[in-house]
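K.L.:
Dropping a structure here in C-alpha cells format, bear with me for questions.
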Amino acid sequence: MGGELSTSAVRTFLTIVGDRLRNPASLVLLGGSGLSLLGNQRPTLDLDFNGEESEPGEFRRLLEQVAAEMHVEIEAVPLHRFIPLPQGAEGRHIPIEAFGKLMVFVFDPYSIALSKLDRGFDSDLEDVAFLLRQEWIDAETLETMITDATTLAAAFDLNPDDMRVRLELAMQTASRN
C-alpha cells in the first residue's frame, strides 16, 4: 500500500479530510509529511500525526477512510513516548493553514529534530539539516535540549552522545547546501 508521498499528495489528503469533516478539528503532523509542508522537498513514505494508535472516534475513522481511498499510509505517533519533549514544545507547533474544517499544524520542530537525531537514519539527518538551513531550529538551542534530555535518557533509551555526533553531521550537511 502507498508509495512516495509528495507535498501535493499530503495537501490533497488534508483537503479531502477537511472537506468531509462535520465539526472543526486539528491535526498535528510530524515526520516527513509535516516537514514537506514547511518546504522540505524530500518525499516521505507515510503521513505521521501526533496521536495514540488506540484513539477511537469519528475523526480517526475519517483519517483512516481517506487514507485507504488514496492508498496513503498513515500512522499515529505518540512522540512523547519516544523522546522527552523539550520544555515549551506545545507552544512551538507551527500553524500551516486550514483545509476546510481541518486546522493543520506541524509539531514542534525541535521535538522532531530530537526524534530524528535519536533514530539517526541518513534521511533523518537530511531532515535535521533542512530544519537548520531553513532556520526552523537553531543548533545551539538543539544542543541544549539534547543536554536537558540526558537526565531522562535511560527512561527513553536515548544515547545523547550519539545524538550530538548526528547533530554535528546534520550541521555539516546544512552548511554544504
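K.L.:
When ranked by the protection proxy of mean other Cβ atoms within 10 Å per residue, highest first, what sequence do the peptides 102-113, 35-46 form?
P.N.:
Per-residue Cβ counts within 10 Å, averaged per peptide and sorted highest first, yield 102-113, 35-46.
K.L.:
Apply 1/(1 + (r/R0)^6) to the Cβ-Cβ distance of Arg22 and Gln134, taking R0 = 41 Å, and write down the FRET efficiency to the nearest 0.05.
P.N.:
Calculated transfer efficiency: 0.70.
K.L.:
Please arrange Met145, Met163 by how many other C-beta atoms lie within 10 Å of their C-beta, fewest to most.
P.N.:
Met145, Met163
K.L.:
Measure out, as a whole number of angstrom, how far apart the alpha-carbon centroids of the range 28-55 and the range 143-157 sit.
P.N.:
Here the two parts' Cα centres lie 23 Å apart.
K.L.:
Would you work out if the range 7-108 is rounded, prolate or oblate? Take a ≥ b ≥ c from the square roots of the eigenvalues of the alpha-carbon gyration tensor; rounded if a/c is under 1.5, else prolate when a/b is larger than b/c, oblate otherwise.
P.N.:
rounded
K.L.:
Between Ala155 and Arg42, how high is the FRET efficiency from 1/(1 + (r/R0)^6) when r is the Cβ-Cβ distance and R₀ = 35 Å? Nearest 0.05.
P.N.:
0.70
K.L.:
If you restrict to DSSP beta bridges whose two residues both lie in the range 7-108, what percentage is antiparallel, to the nearest 5?
P.N.:
45 percent
Each reported figure results from applying straightforward, stated rules to the coordinates on display, with no laboratory input. Note that this is a predicted model, so its numbers are computed, not measured. Reconstructed Cβ throughout: ideal geometry from the backbone, glycine too, with neighbour counts over all protein chains shown.
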